[in-house]
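Read-outs throughout are calculated quantities, based only on the coordinates presented, and are distinct from any laboratory measurement. Keep in mind that this is a model prediction, so the values were computed, not measured. Every residue, glycine among them, receives a Cβ derived from its backbone with ideal geometry; neighbour counts consider all protein chains shown.
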Amino acid sequence: MNLDISVADKDWKSVPHLRKLARQAVRAVVDDDDVRVSILFTGDAEILELNKQWRGKATSTNVLSFPLPRGTPVVQGEERPLGDIVMAYGTVAREAGEQRKPVTNHIIHLIIHGVLHLLGYDHKNDAEAHIMEARETETLARLGIEDPYRS
C-alpha cells in the first residue's frame, strides 16, 4: 500500500506520529499492497471550501472522502488509486474534546471512516449506516480503540 500524506495546516504538527497513525488506520482497513491512498491534513477553512464545492454544504466538517470512480483504468504494474481523504484539524480536535476521547483515537476513527468511503461504503440510510458503523467498530476494536458509537 502506498500512502501519500500532505500536511497543509501547521496545527497538525501537534499530533505526535501523525504519519504512523495514518498508516496504521489505512492498513487496518486495506490489506492490499497494490493500492494507493492520499490524505491531506488541512484546516477548517480549506475543508469548508471543499465541502461547499463538492457537497454544496457551507460548513466545515471533520473528514471528506473523494473515491476514484469505479472502473477507472490503472496502468499495468502500478498501484490502484482508491482516492483522497481530507481532514480538518480544528473540527477533529474540537470533536475529540467534546467527546472526551484522545485526539489520536478520533483521527484513526475518521481515517478508517474515510477509507471505507473510498471502498464504497456509505451511510445515506439506516441500513448502510449500520453496516458501515459495524465495520468501523470492528476495525477500531482490533486496534484497541473503544466503539465511538456507544453512548
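Straight-line reach only, C-alpha to C-alpha below 29 angstrom: list the lysines that Lys20 could link to, leaving out same-chain residues fewer than 8 apart. Excluding near neighbours in sequence, the set is Lys10, Lys101.
Report note on the peptides 66-75, 3-12, 113-122: ranked by the mean count of other C-beta atoms within 10 Å, highest first, their order is 113-122, 3-12, 66-75.
Using only alpha-carbon positions in the chain, the gyration tensor eigenvalues give semi-axes of 22, 19, 17 Å once each is multiplied by 5 and square-rooted (largest first).
Sparsely packed loop sites in region 49-111 (the GluC sites (Glu not before Pro) outside DSSP H, G, I, E and B with at most 15 other Cβ atoms within 10 Å) comprise Glu78, Glu79.
Estimated from the Cβ-Cβ distance and a Förster radius of 35 angstrom, the FRET efficiency linking Leu68 and Asp11 is about 0.80. When Leu18, Leu140 are sorted by how many other C-beta atoms sit within 10 angstrom of their C-beta, beginning with the fewest, the order is Leu18, Leu140. Take every pair of alpha-carbon atoms less than 8 Å apart whose residues are at least six positions apart; their mean separation over the length of the chain yields a relative contact order of 24 percent. Residues Met1, Met132, Met87, arranged from fewest to most other Cβ atoms within 10 angstrom of their Cβ, appear as Met1, Met132, Met87.
Within the straight-line cut-off of under 24 Å between alpha carbons, the lysines reachable from Lys57 are Lys124, sequence neighbours fewer than 8 places apart in one chain being disregarded. Selection among Val35, Leu48, Pro73 by position relative to the dipole of the chain gives Leu48 as farthest towards the positive end (Cβ unit charges, Cα centre).
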